[in-house]
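Contents: one structure, followed by commentary.
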Amino acid sequence: MPTLHIHNPSTGAMIDTIPADDATSVATKAAAARAAQPAWAALPMADRLACITRFRAAVVAQLEALAATMTRETGKPISLSRNELNGLLPRLDFFVEQAEGAVRDEHVFDGGGMHEQISHAPLGVVANISAWNYPWFVGCNVIVPALLTGNAVLYKPSEHAALTGLAITRLLHESCVPADVMQCVVGGGAVGAALVEQRIDGLFFTGSHATGQRIAAALATRLVKVQLELGGKDPMYVRADVDVKAAAESLADGAMYNTGQGCCSVERIYVHAAVHDAFVAHFVDTVKAMKAGDPMDAGTYIGALTREPQIAVLQAQVDDAVAKGAQVLCGGRRSAGPGWGFEPTVVANCNHTMELMREESFGPIVGIQKVGSDEEAVALMNDTRYGLTAGVYTKDEAAARALLAQVNAGTVYWNCCDRVSPRLPWSGVGDSGIGLTLSTYGIQTFTRPKAWHLRQPG
Ligand code: NAD
């Protein structure tokens, strides 16, 4: 039987070996989901809502154990694991409050004996191939609205968050979602590829651009709905009129939270020359005060990198930047001690010839570049193949709105960063992906609008 080894990134040690899927078992699960989906969709919405309400209660009841599991397999500091689970609760509340209204029939026209209406039918069987960095958030952004709208879900958590994926599935089953309606598929890329081969009605992916592109190509000839939530190179601009210390503290948190392993982590900062030196000094002070260490320690803010190969990616970006004239102001290398750590790293005097300013880092490192004007900042923010988030720090709301209107990104921020709201759509421009999750649009996306033309007999 195939197995999956689970490692603890903070020590590098193997901590578990669990049964995994192969192409045969994936096909069996897909067939069972197909058979179970119509009865699930036929239930009243209230029954499906009750399942998610029970699921929420189970998350609350088991929060400490769930947080510890996530920390052990991803290296996420335990206080951040608790934050993720507590942050999940308002998302679940949003879905429960909004699902019924989002997919209610719409009566759009009555006249001349004709009635026109729109209904929202479930897609059917949807696959969710997911990432490890916020496994509860990115998993439930798909699983929960997909289930609420009557779909069966084949969920492949990342191989780096498989224990969490199994826990999500177990809690949904304990909350009365039928076993065949919600199934976990365990394994790495090959198991994900086998899932893509099944007869599915939608593929919802969160992960890297390279994998997303591969999946989209594999599905292109079958005309299956595909949504891709991919990486970012999230830029921020600090104008000359800011409270420099407050902006530096906020952006340092945005760059280093979750050890920099967020799709909307701040990756590059453009600072107006008038405040550049003061900003950089406060920024470096803030980063140096961040406590790195054992992720199980409640005071730890910087944990381990979940994937060891990322250490080499970060080191190559730092070395490339230094070779092209940048200065490392703190950090810059693999952490001492066991496990897969990288020192929180601030690199100044950057420019766009450097990989650090162009390719996703996905770790605790950030590049800073001095700019002379709003126009230069906007041009640099838009000089990217990605477009997930971007932001501006300034006291001038009108200036912020004018600048943000010019930025090519799915999400824009004024005086905040690294933030996701269940009420707002989460989407990317360019190589950051296609489609969206969250908001009422992120509920409707699991349905197919059906057009009804109804003529009363004359
Ligand atoms: P990844 O692409 O390595 O893996 C994602 C998933 O795809 C995993 O479950 C993996 O097993 C699976 N997979 C790998 N090869 C496959 C194949 N050939 N066919 C099918 N499935 C396959 O990404 P990751 O390292 O898990 O996640 C990090 C990336 O995710 C970063 O780029 C980050 O920016 C992005 N991300 C984006 C968002 C967003 O909302 N936009 C959120 C979180 C993470």
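How about the range 408-422: which of its residues are small (Gly, Ala, Ser) and surrounded by 18 or more Cβ atoms within 10 Å (Cβ to Cβ)? Before the answer, list the steps.
Of the residues in the range 408-422, the ones small (Gly, Ala, Ser) are 409-410, 421.
ALA409, GLY410, listed by residue number.
With ALA348, ALA399, ALA390 as the choices, which residue is within 16 Å of the chain's Cα centre (by Cα), open to solvent by less than 60 Å² (accessible area, probe 1.4 Å), in contact (Cβ under 8 Å) with a residue 24 or more places away in the chain and more than 13 Å from the ligand (Cβ to nearest atom)? Outline the logic, then answer.
Values: ALA348 fails: within 16 Å of the chain's Cα centre (by Cα); ALA399 fails: within 16 Å of the chain's Cα centre (by Cα).
Testing whether each residue is within 16 Å of the chain's Cα centre (by Cα), open to solvent by less than 60 Å² (accessible area, probe 1.4 Å), in contact (Cβ under 8 Å) with a residue 24 or more places away in the chain and more than 13 Å from the ligand (Cβ to nearest atom) leaves just ALA390.
What are the residues in the range 186-201 that are in contact with a strand residue (DSSP E or B) (Cβ under 9 Å, 6 or more places away or on another chain) and among the acidic types (Asp, Glu), if any?
First, pick out the residues of the range 186-201 that are in contact with a strand residue (DSSP E or B) (Cβ under 9 Å, 6 or more places away or on another chain): 186-188, 191-192, 195-196, 198-201.
Answer for the range 186-201, where residues must be in contact with a strand residue (DSSP E or B) (Cβ under 9 Å, 6 or more places away or on another chain) and among the acidic types (Asp, Glu): just ASP201.
Any residue at all in the range 67-79 that is of a type outside the set (D, E, K, R) and open to solvent by 50 Å² or more (accessible area, probe 1.4 Å)?
Applying the first criterion (of a type outside the set (D, E, K, R)) to the range 67-79 yields 67-71, 74-75, 77-79.
Then drop every residue that is not open to solvent by 50 Å² or more (accessible area, probe 1.4 Å), which leaves none.
Looking through the range 67-79, none of the residues is of a type outside the set (D, E, K, R) and open to solvent by 50 Å² or more (accessible area, probe 1.4 Å).
For THR53, state whether it is among the β-branched types (Val, Ile, Thr), surrounded by fewer than 19 Cβ atoms within 10 Å (Cβ to Cβ), without any contact (Cβ under 8 Å) to a residue 40 or more places away in the chain and more than 29 Å from GLY337 (Cα to Cα).
No, not satisfied.
Of everything in the range 2-21 that's assigned to a loop (DSSP other than H, G, I, E, B) and more than 26 Å from the chain's Cα centre (by Cα), which residue is farthest from ALA162 (Cα to Cα)?
Once the filter is applied, the top-ranked residue is ALA13.
Select from the range 368-387 the residues that are closer than 14 Å to VAL412 by Cβ and more than 16 Å from the ligand (Cβ to nearest atom) and list them in ascending order.
Across the range 368-387, the qualifying residues are ALA377, VAL378, MET381, ASN382.
Which residue pairs have Cβ atoms under 6 Å apart, sit 6 or more places apart or on different chains, and have a first residue in the range 425-443 that is within 15 Å of TYR413 (Cβ to Cβ) and open to solvent by 10 Å² or more (accessible area, probe 1.4 Å) and a second that is in a helix (DSSP H, G or I) and more than 9 Å from the ligand (Cβ to nearest atom)?
PRO425/TYR441
Of all residues in the range 33-50, how many are of a type outside the set (A, V, I, L, M, F, W, C) and either open to solvent by 40 Å² or more (accessible area, probe 1.4 Å) or not in a helix (DSSP H, G or I) (or both)?
Residues that pass the stated criteria total 4.
If we only count strands (runs of 3 or more DSSP E) wholly inside the range 83-167, which ones have 1 or more residues that are away from the ligand (no atom under 14 Å from the Cβ) and open to solvent by 10 Å² or more (accessible area, probe 1.4 Å)?
The qualifying strands (runs of 3 or more DSSP E) are 106-111, 114-122.
The values are calculated or read from the model by the stated rules, or taken from the named source; none is laboratory data. On a predicted model such as this, the values are computed, not experimentally measured, just so you know. Ideal geometry is used to build each Cβ from the backbone, glycine not excepted, and the neighbour counts take in all protein chains shown. Surface accessibility is based on the protein's heavy atoms, side chains included, excluding ligands, DNA and RNA. Shrake-Rupley method; radii C 1.70, N 1.55, O 1.52, S 1.80 Å.
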